[in-house]
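The values are calculated or read from the model by the stated rules, or taken from the named source; none is laboratory data. This is a predicted model, so every value here is computed, not measured. Every residue, glycine among them, receives a Cβ derived from its backbone with ideal geometry; neighbour counts consider all protein chains shown.
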Amino acid sequence: MKTVQVNMHEAKSRLSQLGENAWSGVKVVIAKSGKPYLDLLPHKEVGKPRKPGRYKGRIRISKRFDYMPDDVIDAFEGKL
């Protein structure tokens, strides 16, 4: 991945070009006093908001879901 570092003043005057670079996969670092200060990243849409209950009636939980064998409990408690 190619990286471009520009100072804050230069970034102000080249923002459109730097934005295009970021969208094309170039890592754009904006520096302040010669030190990396900001990374310019393209905006990515987040997925749809989670909708609770969309699997209601489609998932079954075993009646033995909470069952835990004694040897497993002993192992967790350090009794083995």
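Scan the range 14-33 and report the pairs whose first residue is closer than 12 Å to MET1 by Cβ and whose second residue is of a type outside the set (Asp, Glu) and assigned to a helix (DSSP H, G or I), with Cβ atoms within less than 9 Å and a gap of 6+ or a chain change.
Qualifying pairs under 9 Å: VAL26/LEU18; LYS27/ASN21; VAL28/ALA11; VAL28/LEU18; VAL28/GLY19; VAL28/ASN21; VAL28/ALA22.
Picking from LYS79, LYS56, LYS48, which residue would you name as being assigned to a loop (DSSP other than H, G, I, E, B), at pLDDT 90 or above and surrounded by fewer than 10 Cβ atoms within 10 Å (Cβ to Cβ)?
Testing whether each residue is assigned to a loop (DSSP other than H, G, I, E, B), at pLDDT 90 or above and surrounded by fewer than 10 Cβ atoms within 10 Å (Cβ to Cβ) leaves just LYS56.
Mind checking which strands (runs of 3 or more DSSP E) fall wholly inside the range 1-45 and carry at least 1 residues that are surrounded by 12 or more Cβ atoms within 10 Å (Cβ to Cβ) and of a type in the set (D, E, K, R)? Full working, then the answer.
Working: elements: 3-7, 27-32, 35-40.
It comes to 27-32.
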